[in-house]
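The values are calculated or read from the model by the stated rules, or taken from the named source; none is laboratory data. Note that the structure is predicted; figures quoted are calculated from it, not measured. Cβ coordinates were reconstructed from backbone atoms using ideal geometry, including for glycine residues, and neighbour counts include every protein chain displayed.
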Amino acid sequence: KAIDTQALAASMPANLNKPLEHTPQAPVGQSAKPPSRLPTGSTPSESNASAKTGSVAPEGINATIGTLDRVRVDSGGQRLTTNQGVPIADNQNSLKAGARGPVLLEDFILREKITHFDHERIPERIVHARGSGAHGFFECYEPLTEYTRAAPFREAGKVTPVFVRFSTVAGERGSKDTARDVRGFAVKFYTDEGNWDLVGNNMPVFFIQDAMKFPDLVHAVKPEPHHAMPQAASAHDTFWDFVSLMPESTHMLMWQMSDRAIPRSYRMMQGFGVHTFRLVNEAGESVLVKFHWQPKLGTHSLVWDEAVKISGADPDYHRRDLWEAIDAGEYPEWELGLQIFTEEQAAQFSFDILDATKIVPEELVPIRIVGRMVLNRNPDNFFAETEQVAFCTAHVVPGIDFTNDPLLAGRIHSYVDTQITRLGGPNFHELPINAPIAPVHNNQRDGMHRQAIHRGRSAYEPNSLGGGCPFQAGAAQGFESVARRLDAKESSDKVRVKPEKFADHYTQATLFYESQTPEEQAHIAAAFRFELSKVTVPAVRERVVASLLNASPDLAAKVAKGLGMELPQPLPKVLETPAAPEVDQSPALSLMARPGDGGIRTRKIAILVADGAEGTSIGKLVTALVQAGAVPRLVGPRLGTYLGMGGEKIEADASMENSPGFLFDALVLPDGLAAVEALVSDGHSMEFVKDQYRHCKTILALGASQALLAEAGIPMSLPDGSHDPGLILADAAHADDAAIDFIAAVGM
Ligand code: HDE
C-alpha cells in the first residue's frame, strides 16, 4: 500500500523546540511564520472593560498565555510515543521471554515509563503547600510616574499580565481548603522590565518581626513532629506554646482568630503586601508604600461550623470556586490600593513601619486606588503552572524597592533559595510559568535542567570577543537600589537588637479588636476558645489569656469563661507605656466595611425539590436567580426526575447526599404539600435546612414549606420578636416578588 506522506506529515508530532523545521505548516525548504509571542485564542477582557478608564483589553493582554503556546502540548489526533519520540506499538504489555516468562531488561519502553512515574513528585512548599492559581492582567488607572518608574504604573490603561496563586499556609499539598489559616495572595507581574512578585497574604500583619524566628514559627504550627498531627490546623499545643511566649504575635492572632481566616472564597478576600515597600521615580526619589488588594465582590467569610463541615464534603472548596467562576466567565477582580507616605511622615508615627506586626491605619494614610486586577484564565495544567510557579520577594523591578524590615530581609533570601530544592536547581526561572516576557541576557550558564542554548564563546563581562554584550543597562534603564537607609542618623554598628517601637505588642491588637462589630468580636472570642480548648497543657492556655488581657480585658474574660478558667494576672509588658496611638477605632478593619456591591453574582443557591413540588414558582425563581448572576441548583433527596404538583417534570441537579446544605449560600424551600411531607420525612433534607439556618443563610420558604421550617425548629422571628431579615415567607403565587426580596436579602 502506498504511503500517504502528506497525511503522515500532518499527523507527525511537532517538535515544539524546532517549529520552523518540523511543524506540518513549515515543510522543509519553505519559510514559515515564526511562532507568535502574542496570544492566540486567549481570553482577553473585552466584556470586562474597566469602569474607570473605559478601555478594553488590548491585544497582548495575556501575553504570558501567548508565550506559553510554545510549550503547550495537545495530544488530540496524535499517536503515543516515548520521550524520544519513538512511536509505541503496545502500551498494555511489557516485553517478556514467552507469554508466562520473565520481563526483559531490554524493555526500554516499560523502564522509561516507570522511571518517569517514579519521579513525578517534587517536594511540596515548606509553607503554602496547598494552593490554586489563575492567569489574568493588571490594568493601571492613572500614571504614577510622580512616585515610581515601575512599568505597570506608567500610563492609564497600561496592561501587565499576571499569574496569581492563593494558598493556605500550614496544611500539606492535599489538605483541606477551609482550614482556619492565613491565606497566601501571591501575584507575579510579567512587566516589560522583568518579573515583579508581590508575595502577600490576606492579612496585613504577621506573627513575628524578624526572619530569625520564622523556622520556629513554622515548626510550631506544622503538625507536631512526633505523631504528625494535626493536619492544617493551629489548634494544638506547640503553636499556642510558641505564640504565648512571643507577645509580638498578639496582633496577628486577632486577625487569625477572626473570620478572615475562613474566607468564603479566594475571590472575596483582601490581599496585602504586609511589609512597607518603596516606590522610586525616574529621579531616584523614593516614597514608602503599603499594597492593598480590594475584592470587587466584597469581603465574605464562612462560620466555623460551616468551614468544618465543608472541609469534609468538599476539601477543594476554594479551588473549585475559583476554577468554576473563571470557567463561567465570572472573572474575579480586585482593585489595587496604595498607601503612600514619606519617611518624614513615618518618623512621626506611633509605631515603626519596619515592623510587620503593625498596620498603617487608613485614617492616618488613606488608600489610593490605582488599578485593577482581573483573573480571566484557568491554568491548562496544575503542575506545570500552579505547582511550578516560583514567587520570590527578591523579584522586584526598577521603580520598586525594599525597606529595612528585618522580616522582609529574610524573605528576600528565602524564596530563591527554597526553589532550588523544590524545583531542582538554579534554572527554575526558565520554566515557562516563571520565565519573564522581558528578554533575559546574562552570563549565567549551565546548571541542572538548563533550557536555553547560549551561542557564542564569551560568557563573561567585560568582554571584547562578544562585542561587549550583554552590556550593563546603566542607571537610566537598569535597576538601582535606593542608596538611602531609613534613618541616616542611626549608628551602623553591628547589633542583634530590635528598634524601640517594636516592643509595643498590644496597641494595634487592641485597635483591631475594638474596630470589629459585636458579631465579629463574638466570633474572635469563640475562635480563641475553640483553639485553646484543643491545647492540653493548662499553663499554655493561661499564658495566652494572660497575654490577651493586655490587648482586651473583655476578650480575655470571654475566652477565660469559655474555657472554664479563672482570669490569670496579665503578662508583664515589655513596654509599659507605648506611644499613644493616632486612632483607637478603624472601621475599615471590620469585614463589614467592604460588603461589595450588594449583588449575588456567582452565589450558589439551593432549591429543594421532591415529588409534588410546585414547579411554576421554582421555574420563575430559577430564571430570576440566573438573571441576577447567581447559580441556582435543584437539590433533591436523590438525583433524577421528580414529578411536580401539576405533573410537570423537575430534574434535580444534585442530591442532598452529594451536595449538603453547607455548600450553598442560600436556600429556597418549595411549595407543595406532598413535597414538604417528603422532605420532612427525609433526614438529609432536615439537616440541610437546619445547617442553612445555623450558618445564617438566607431562606425563602414558599407556601406550604413553612411547615418544614417549624419541623426543623426554626423560629419565624428573632428572639426579641422582631422580623428575621434572613427569613422570607411568601406564597408560591407571588414568586416574582419573593425573588426580588430574596435576591436583596442574599446580597446583604
Ligand atoms: Fe513566605 N515563604 N516566608 N511569607 N510565603 C514561602 O517560598 C518565608 C511571609 C508567602 O504561592 C516559601 O516558594 C520566610 C510573609 C506566600 O508559591 C518560603 C518568611 C508573607 C507564599 C517562604 C516568610 C509570606 C510563601 C515556601 C519570614 C506575607 C506562597 C515556598 C521571614 C507577606 C507563594 C516558597 C506561592 C511561601 C519563606 C514570611 C507570604 C519558604 C523566611 C510575612 C503567599 O520561601
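As a summary of the residue check, V243 satisfies the conditions (1) surrounded by 23 or more Cβ atoms within 10 Å (Cβ to Cβ); (2) in the same structural domain as D355 (by TED's automatic domain parsing); (3) closer than 27 Å to A546 by Cβ except for the one numbered (2). Of the candidates R154, R100, R125, R121, the single residue that is under 30 Å from I400 (Cβ atoms) and not assigned by TED's automatic domain parsing to the domain that holds G337 is R125. A count restricted to the range 397-407 and to residues that are more than 14 Å from the ligand (Cβ to nearest atom) and β-branched (V, I, T) stands at 2.
Scanning the range 204-242 for residues that are in a helix (DSSP H, G or I), within 19 Å of I126 (Cβ to Cβ) and away from the ligand (no atom under 14 Å from the Cβ) gives T238, F239, F242.
Against the condition touching a residue at least 60 places away in the same chain (Cβ under 8 Å) and buried (at least 20 other Cβ atoms within 10 Å of the Cβ), how does S590 come out, does it pass? So S590 fails the test.
Across the range 292-307, the qualifying residues are those that are among the charged types (D, E, K, R) and closer than 19 Å to T602 by Cα, and the one among them that is surrounded by the most Cβ atoms within 10 Å (Cβ to Cβ) is E306. Identify all residues within the range 84-108 that are surrounded by 10 or more Cβ atoms within 10 Å (Cβ to Cβ), in a loop (DSSP other than H, G, I, E, B) and not hydroxyl-bearing (S, T, Y); write none if there are none. Listed by number, the residues that qualify are V86, I88, N93, L95, L104, D107.
Residue-wise test of (1) within 16 Å of the ligand (Cβ to nearest atom); (2) more than 19 Å from W196 (Cβ to Cβ); (3) assigned by TED's automatic domain parsing to the domain that holds L279; (4) surrounded by 13 or more Cβ atoms within 10 Å (Cβ to Cβ).
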residue: Q419; (1), (2), (3), (4): yes, no, yes, yes
residue: L423; (1), (2), (3), (4): yes, yes, yes, yes
residue: H449; (1), (2), (3), (4): no, yes, no, no
residue: R455; (1), (2), (3), (4): no, yes, no, no
residue: P462; (1), (2), (3), (4): no, yes, no, no
residue: P470; (1), (2), (3), (4): no, yes, no, yes
residue: G474; (1), (2), (3), (4): no, yes, no, no
residue: S491; (1), (2), (3), (4): no, yes, no, no
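Take the residues of the range 609-651 that are assigned to a loop (DSSP other than H, G, I, E, B) and either without any contact (Cβ under 8 Å) to a residue 12 or more places away in the chain or under 35 Å from the mean Cα position of the chain (by Cα) (or both): which is farthest from D665 (Cα to Cα)? Among residues in the range 609-651 that are assigned to a loop (DSSP other than H, G, I, E, B) and either without any contact (Cβ under 8 Å) to a residue 12 or more places away in the chain or under 35 Å from the mean Cα position of the chain (by Cα) (or both), the one farthest from D665 (Cα to Cα) is G647.
Test E480 against the stated conditions and say whether it is charged (D, E, K, R) and buried (at least 19 other Cβ atoms within 10 Å of the Cβ).
Against the criterion (charged (D, E, K, R) and buried (at least 19 other Cβ atoms within 10 Å of the Cβ)), E480 does not qualify.
The set of residues in the range 710-735 being charged (D, E, K, R) and over 37 Å from the mean Cα position of the chain (by Cα) consists of E711, D720, D731. Within the range 687-700, the residues that satisfy the criterion of being outside any helix (DSSP H, G or I) and within 13 Å of A606 (Cβ to Cβ) are H695, K697, T698, I699, L700.
Report yes if G171 is within 13 Å of the ligand (Cβ to nearest atom), in a loop (DSSP other than H, G, I, E, B) and at pLDDT 95 or above, otherwise no.
On the way: within 13 Å of the ligand (Cβ to nearest atom): yes; in a loop (DSSP other than H, G, I, E, B): yes; at pLDDT 95 or above: yes.
Taking the combined requirement at face value, the residue satisfies it.
Can we say F664 is out of contact with any Gly (no Cβ under 7 Å at 6 or more places or on another chain) and not assigned by TED's automatic domain parsing to the domain that holds D314? It is true that F664 is out of contact with any Gly (no Cβ under 7 Å at 6 or more places or on another chain) and not assigned by TED's automatic domain parsing to the domain that holds D314. Taken over the range 105-142, residues that are more than 16 Å from the ligand (Cβ to nearest atom), under 23 Å from E330 (Cα atoms) and out of contact with any Pro (no Cβ under 7 Å at 6 or more places or on another chain) amount to 2.
Looking at H684 and the list (1) at pLDDT below 95; (2) assigned to a helix (DSSP H, G or I); (3) over 20 Å from R633 (Cβ atoms); (4) not acidic (D, E), which single condition is not satisfied? (3) is the only condition that H684 fails. The criterion of being of a type in the set (A, V, I, L, M, F, W, C), in the same structural domain as I618 (by TED's automatic domain parsing), in contact with a helix residue (DSSP H, G or I) (Cβ under 6 Å, 6 or more places away or on another chain) and farther than 29 Å from V308 by Cβ does not hold for A712.
Listed by first and then second residue, the pairs linking a residue in the range 150-174 that is in contact (Cβ under 8 Å) with a residue 12 or more places away in the chain and under 18 Å from F272 (Cβ atoms) to a residue that is assigned to a helix (DSSP H, G or I) and within 13 Å of the ligand (Cβ to nearest atom), with Cβ atoms under 7 Å apart and 6 or more places separating them unless they lie on different chains, are R165/T386; F166/Y266.
Note on the range 337-386: residues that are within 16 Å of the ligand (Cβ to nearest atom) and closer than 23 Å to G410 by Cα total 9. Note on the range 182-232: among residues that are in contact with a His (Cβ under 8 Å, 6 or more places away or on another chain) and charged (D, E, K, R), the one that is surrounded by the fewest Cβ atoms within 10 Å (Cβ to Cβ) is E224.
Residue under question is L663, and the condition is that it be surrounded by fewer than 19 Cβ atoms within 10 Å (Cβ to Cβ), more than 18 Å from G615 (Cβ to Cβ) and not charged (D, E, K, R); does it hold?
On the way: surrounded by fewer than 19 Cβ atoms within 10 Å (Cβ to Cβ): no; more than 18 Å from G615 (Cβ to Cβ): yes; not charged (D, E, K, R): yes.
Here the answer is no, as L663 does not meet what is asked.
Scanning the range 270-299 for residues that are more than 22 Å from I208 (Cβ to Cβ) and within 14 Å of the chain's Cα centre (by Cα) turns up W293, Q294, P295, T299. Just the residues that are touching a Leu at 6+ places or on another chain (Cβ under 8 Å), more than 27 Å from R165 (Cβ to Cβ) and not in a loop (DSSP other than H, G, I, E, B), please, taken from the range 312-344. F341, E343 - these are the residues of the range 312-344 that are touching a Leu at 6+ places or on another chain (Cβ under 8 Å), more than 27 Å from R165 (Cβ to Cβ) and not in a loop (DSSP other than H, G, I, E, B).
Look at the range 425-438: where a residue is among the aromatic types (F, W, Y) and a partner is in a loop (DSSP other than H, G, I, E, B) and surrounded by fewer than 20 Cβ atoms within 10 Å (Cβ to Cβ), sitting 6+ places away or on another chain with Cβ atoms under 9 Å, you get F428/Q388; F428/H449.
In the range 413-424, the residues that are at positive phi and touching a residue at least 24 places away in the same chain (Cβ under 8 Å) reach residues that are among the aliphatic types (A, V, I, L, M) and more than 8 Å from the ligand (Cβ to nearest atom) with C-beta atoms within less than 9 angstrom, at least six apart or across chains, in these pairs: G424/I122; G424/M448.
Every residue, every condition in (1) touching a helix residue (DSSP H, G or I) at 6+ places or on another chain (Cβ under 7 Å); (2) more than 30 Å from H251 (Cα to Cα); (3) touching a residue at least 24 places away in the same chain (Cβ under 8 Å); (4) outside any loop (DSSP other than H, G, I, E, B), yes or no:
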{"residue": "P462", "(1), (2), (3), (4)": "no, yes, no, no"}
{"residue": "G466", "(1), (2), (3), (4)": "no, yes, no, no"}
{"residue": "Q472", "(1), (2), (3), (4)": "no, yes, no, no"}
{"residue": "S481", "(1), (2), (3), (4)": "no, yes, yes, no"}
{"residue": "D493", "(1), (2), (3), (4)": "no, yes, no, no"}
{"residue": "H505", "(1), (2), (3), (4)": "yes, no, yes, no"}
{"residue": "E520", "(1), (2), (3), (4)": "yes, no, yes, yes"}
